[in-house]
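The values are calculated or read from the model by the stated rules, or taken from the named source; none is laboratory data. Just so it is clear, the model here is predicted, and its values are computed rather than measured. Cβ sites come from the backbone with ideal geometry, for glycine too, and all protein chains shown count toward neighbours.
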Amino acid sequence: MAEQILVLDGVQHAYRRTVALRGVNLAVASGEVVAVTGRSGCGKSTLLHVAAGLVRPQGGRVELFGQDLAGVGDDERARLRRTRLALVLQFGQLVDELTGLDNVALPLLLDGHDPAASRRLAAERLERCGVADVAGVVPGEMSGGQQQRVAVARALVTGPQLILADEPTGSLDSLGARDLLDLLLAETVSTGSALVIVTHDNEVAARADREVRLADGTVASDVVLA
C-alpha cells in the first residue's frame with residue numbers, strides 16, 4: 001500500500017466571519033493524482049494553502065510527510081516547500097527581475113546548492129518542460145503559456161514528493177491547458193510523486209485518480225475515477 005504523504009484530519013479555518021473549511025478530512029498517497037473541485041469560495045485554495053503549510057488551520061490536524069505541522073516552525077515549513085513540496089499557481093508567480101533560468105534555479109540556490117550546478121539542473125528542467133528558449137528571457141517578455149511552463153519547471157527542479165497546483169491551467173487556452181496537464185501528469189508518473197490539483201475544469205478533473213468535491217467548506221464527495 002502506498003505511503004500517505006498528506007493527511008488532513010478535521011481541518012477547520014475561517015477568515016473573520018467567513019468559514020473556509022469545516023472539518024475537512026483528506027488523505028493523499030504517493031503516486032496519486034487528486035483533483036479538488038467545487039464552486040468558487042468553497043474552500044479549495046484554502047485547503048491547498050493549509051496543505052502547503054502556508055496557512056495554520058484554526059482546528060484539526062495536518063500531517064505532511066509524517067510530520068504534524070502543528071509542531072513545525074516557519075523556517076522548517078519553508079524548507080519543506082523548497083525541497084519536498086512544490087507549489088504551482090495559476091499565474092506562475094515568477095520573479096519579474098529574474099530570467100527563466102534563474103527563476104527555475106532559485107529554489108536550489110535558496111537551499112544552498114552550488115550555483116553552477118543549480119543552473120545546469122535548471123537548464124535541464126527547462127528543456128524537459130519545452131521552454132529552453134526562454135532561459136535568458138524575463139517573465140514580462142514571455143507568453144502566458146511559457147510563464148506557466150517555467151513555473152512548472154521551477155516547481156519540479158527539486159524533485160518534490162508532493163505537487164500542489166492551484167488552477168494551473170486557468171489562464172491558458174484549451175490546447176495550452178492540455179499540454180500543461182500532460183506535463184504535470186507525466187512528471188507525477190515518472191517520479192512517483194503525488195499531485196493535488198485544484199480546478200474548475202471538468203476535463204482536468206477527469207484525468208485524476210480521484211475527484212474530491214468541496215461544498216461550503218466540507219468534502220461533499222470523494223470519488224475514485226475509473
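Observations on the model:
- Of LEU126, LEU89, LEU85, all but one fail to be crowded, with 21+ Cβ neighbours inside 10 Å, within 28 Å of HIS200 (Cα to Cα) and under 17 Å from the mean Cα position of the chain (by Cα); the exception is LEU85.
- Which listed residue, of ARG22, ARG16, ARG77, is more than 22 Å from VAL212 (Cβ to Cβ) and crowded, with 17+ Cβ neighbours inside 10 Å: ARG77
- Of all residues in the stretch 167-192, those satisfying the criterion of being assigned to a loop (DSSP other than H, G, I, E, B) and either out of contact with any helix residue (DSSP H, G or I) (no Cβ under 7 Å at 6 or more places or on another chain) or exposed (fewer than 15 other Cβ atoms within 10 Å of the Cβ) (or both) are GLU167, GLY170, ASP173, GLY192.
- Scanning the stretch 25-48 for residues that are at negative phi and surrounded by fewer than 18 Cβ atoms within 10 Å (Cβ to Cβ) gives ASN25, ALA27, ALA29, SER30, ARG39, SER40.
- Candidate set: the stretch 129-161, residues that are of a type in the set (D, E, K, R) and buried (at least 21 other Cβ atoms within 10 Å of the Cβ); chosen: the one modelled with the lowest pLDDT: ARG149
- Here the strands (runs of 3 or more DSSP E) wholly within the stretch 31-126 that include at least 1 residues being under 30 Å from LEU225 (Cα atoms) and not assigned by TED's automatic domain parsing to the domain that holds LEU185 are 85-89.
- Subset of the stretch 17-41 [in contact (Cβ under 8 Å) with a residue 24 or more places away in the chain and among the hydrophobic types (A, V, I, L, M, F, W, C)]: VAL19, ALA20, LEU21, VAL24, LEU26, VAL28, ALA29, VAL33, VAL34, ALA35, VAL36
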